[in-house]
Amino acid sequence: MCGIVAAAATDNVVPVLIEGLKKLEYRGYDSAGLAVLGAEGLERRRALGRVAELCARCEGLAASTGIAHTRWATHGAPAEHNAHPHISAGLAVVHNGIIENYEALKAELLAQGYQFSSETDTETIAHLIAASLKIQPDLAEAVRLTCQRLKGAYAIAVVAEAQPGRVVVAREGSPLLLGVGERGYYAASDTSALLQVTRQVIYLENGDLADLRPDSLVIRRIQGEAGEAVSRPVVLSQLSADAVELGQYRHYMQKEIFEQPEALANTLEMVGGAKSVQPGLFGAEAARLLDQADSVLILACGTSSHAGMVARYWIESIAGLPVTVEIASEYRYRESVPNPRQLVVAISQSGETADTQAALRHARDQGQPLTLAICNVAESAIVRESALRFITRAGPEIGVASTKAFTTQLAALFLLTLVLAKLRGRLSEADEAAHLQAMRHLPVAVQKVLALEPEIAAWARRFANKQHALFLGRGRHYPIALEGALKLKEISYIHAEAYPAGELKHGPLALVDREMPVIAVAPNDHLLEKLKSNLQEVRARGGELFVFADQGCQLPADDADGVHVLALPEHYGPLSPILHVVPLQLLSYHAALIKGTDVDKPRNLAKSVTVE
Ligand code: F6R
């Protein structure tokens, strides 16, 4: 993953680089570093851990040209000598991505006498550029020739002591955009890092290289003998600086959980007060393309795949179309049977997840042209590569644990369900209007669930010291149990498993004893009585139960006897998963607070998994 910032300007860019890294820290936080071209020539500072550590090492540093990086380790352990930038012969490089042929390139460079001081693939790029500069003294051209030899994914930024006032950047696969500021040109992995200097941005295409100076910008293609010059439009980013500030909240995750009513309202804005839902919500061609679909294949990773699993219950029961949900990293390498009439839905918050992007391409290359992206980032690769699209309007999600992106994905998937059902003549006008009415009420309904925070925080105190937890759900709430377990694992480091409750007796019940808290998602639906029997099985083995029930579930609490029940304010029919995930988000957040973990940046993880 990693985050990159670069600047070629007329004033001191060190504060801009540092501030940009802080905004990109969610992409990786194993180490941070920068290199600038200052009065003393090329100067590099690196630090293990957070940007704050790096900041302390940059006191007194000033320069008008520089590159910076925050790292999520892939090749080489998190260690200072592996931190970027990497240096060779007076030039410095930062890199986001993975160079797949770096071993062959490294062997070649070692044979030429280059010495390596890290275990990273990036150092190979630095030496390759240094070697190219011996033949081709122009930095941009030397970088271009180097890029032609790289296989894999990269976004890079390069400065060279011999060519002050200049930064060269290039991208293939990994995200990179440019900022057009009043005092110069900038580059970064995402817009949030550049809002401090400009909202005017240029999205580089894959295979673009840009030569940045304080007063000029040239973009060229990497491939081709001469590197054809290209122009890319300047667009005004709609992202507001406030959207990426923490404000009154302690953590981004907390902020994002509480932003869900607004995120849902924004996502549903295009439905407005309408009594019917139109295919056009998914793109101009949607009516024609969606009408051809005889089945649905959903591709996603992590939390986004849980949204896909909920959608399977919706689409099959309401639209009557068969649905398969595949983990993208598995599907991309599986020999599957292509079906040209299958609608392929890629779900991704970032739109840059390498596995999801590759799975989408794999489906398309196999002859499945009906593709739809459900994504939170309009300019992302997955959106650009799909025939149809729905952009959730969750706003920037900074916390590594996904929350508001998930609930807005669910809202988008429910709209898709309605559109598919309507195209197939399976939705009466009355049902359509009722579903839309329920969707419009979602922001208010979620707000009421958020009001349960004090009770949920008290529950978190009861089990934050446990080693393990079991999450149970049935039907469309089984994926919600999976999502609850994932949230708990990733931010509180408590081992958690989720099961469809009916599966308990087939194995996991053996784990249940007094030390095993069991968290149950218990909506008031047709599976409630079955679930109640499953919960009895847990009680009979002494397990402590934490049940999120709906009103009217008639599940009496007995706190003294280890049965804790919290009733959600409303019963919500098919949309109930959107409500039931919220207490689970709050539960894991509060458990993590008690454990004192780094909620927004859990160990070993990063947002936007742009590597395989
Ligand atoms: C979990 C989480 C991850 C992401 C996954 C996919 O809280 O955030 O599991 O859901 O990495 O990311 P996107 O949705 O950006 O493709």
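The values are calculated or read from the model by the stated rules, or taken from the named source; none is laboratory data. Every value quoted in this text rests on a predicted model; they were computed, and no experiment measured them. Heads up, the Cβs are rebuilt from the backbone with ideal geometry, glycines too, and the neighbour counts pull from every protein chain shown. Areas reflect the complete protein model, heavy atoms only, side chains present, ligands, DNA and RNA absent. Shrake-Rupley method; radii C 1.70, N 1.55, O 1.52, S 1.80 Å.
Could you work out the local net charge near LEU568, counting Lys and Arg as +1, Asp and Glu as -1, over the other residues with Cβ closer than 12 Å to its Cβ?
Counting the neighbours of LEU568, the net charge comes to -2.
Which whole-percent values make up P(r) of the chain when all C-alpha to C-alpha distances are grouped in 20 Å steps starting at zero?
20, 49, 27, 4
By per-residue mean of other Cβ atoms within 10 Å, what is the highest-first order of 587-599, 238-250?
Details: 587-599: 21.0, 238-250: 12.3.
Most protected by this proxy first, the peptides run 587-599, 238-250.
Run the quick spin-label model on GLU269 and ARG539: label points 7 Å from Cα toward the beta carbon, then report their separation in nm to one decimal.
It works out to 4.8 nm between the two label points.
Find how many whole Å separate the alpha carbon centroid of region 128-157 from the alpha carbon centroid of region 459-519.
That distance is 50 Å.
Assuming a ≥ b ≥ c are the square roots of the Cα gyration tensor eigenvalues, decide whether region 3-244 counts as rounded (a/c under 1.5), prolate (otherwise, with a/b larger than b/c) or oblate.
In terms of gyration-tensor shape, rounded.
Could you check how much of the accessible area of region 453-595 is carbon and sulfur, as a whole percent, using a 1.4 Å probe?
Working: 2600 of 5350 Å².
Carbon and sulfur together cover 49 percent of it.
Could you work out the helix-only [θ] at 222 nm for the chain, with each DSSP H run of four or more residues adding -39,500 (n - 2.57) and the total divided by the number of residues, to the nearest 500 deg cm²/dmol? Don't skip to the answer; put the middle values down first.
On the way: 18 runs with 206 residues, N = 612.
Rounded to the nearest 500, it is -10500 deg cm²/dmol.
Could you tell me how far the Cα centroid of region 559-612 sits from the Cα centroid of region 402-454, in Å?
Taking the Cα centre of region 559-612 as reference, the centre of region 402-454 is 20 Å away.
Using a Förster distance of 51 Å, how high is the FRET efficiency between GLN112 and ALA434, based on the Cβ-Cβ distance and rounded to 0.05?
Efficiency at R0 = 51 Å is approximately 0.10.
Accessible area per residue for the chain in Å², computed with a 1.4 Å probe and the full protein assembly in place, what is it?
Spelled out: the 1.4 Å probe surface of the chain, per residue, equals 37 Å².
How far apart, in nanometres, would the label points at GLN551 and ALA241 be if each is projected 7 angstrom from Cα along the Cα-to-Cβ direction?
For GLN551 paired with ALA241, the spin-label model returns 4.4 nm.
Please compute the volume of the convex hull spanned by the alpha-carbon atoms of region 321-430 and report it per residue in Å³.
110 Å³
With axes computed from alpha carbons, what is the tilt in degrees of helix 102-111 against the longest principal axis of the chain, rounded to the nearest 10 within 0 to 90?
Roughly 20 degrees, rounded to the nearest 10.
For the pair TYR333 and ASP294, what calculated FRET efficiency results from E = 1/(1 + (r/R0)^6), where r is the Cβ-Cβ distance and R0 = 30 Å, to the nearest 0.05?
0.75
Of the GluC sites (Glu not before Pro) in region 139-179, which ones lie in a loop per DSSP and count no more than 16 other C-beta atoms within 10 Å?
Details: sites: GLU141, GLU161, GLU172; in loops: GLU161.
Passing sites in region 139-179 are GLU161.
Can you list the residues of region 13-50 with backbone N under 20 Å from a point 7 Å past the Cα of ARG250, pointing along Cα to Cβ?
No residue qualifies, since no backbone N sits under 20 Å from the label point.
Considering only the other residues whose Cβ falls under 13 Å of the Cβ of LEU195, what net charge follows from Lys and Arg at +1 and Asp and Glu at -1?
Local net charge: -1.
Rounded to the nearest 0.05, what FRET efficiency is calculated for ILE594 and LYS530 with R0 set to 30 Å and r the Cβ-Cβ distance?
Working: r = 33 Å, r/R0 = 1.10.
Plugging the Cβ-Cβ distance into 1/(1 + (r/R0)^6) gives 0.35.
Residue-wise, which Karplus ³J(HN,Hα) couplings in Hz belong to region 590-595, taking 6.51 cos²θ - 1.76 cosθ + 1.60, θ = phi - 60°, and x for glycine or proline?
6, 4, 5, 4, 5, 6
What is the spin-label model distance, in nm, from GLU612 to ASP11 if the labels are put 7 Å beyond Cα along the C-beta direction?
4.5 nm
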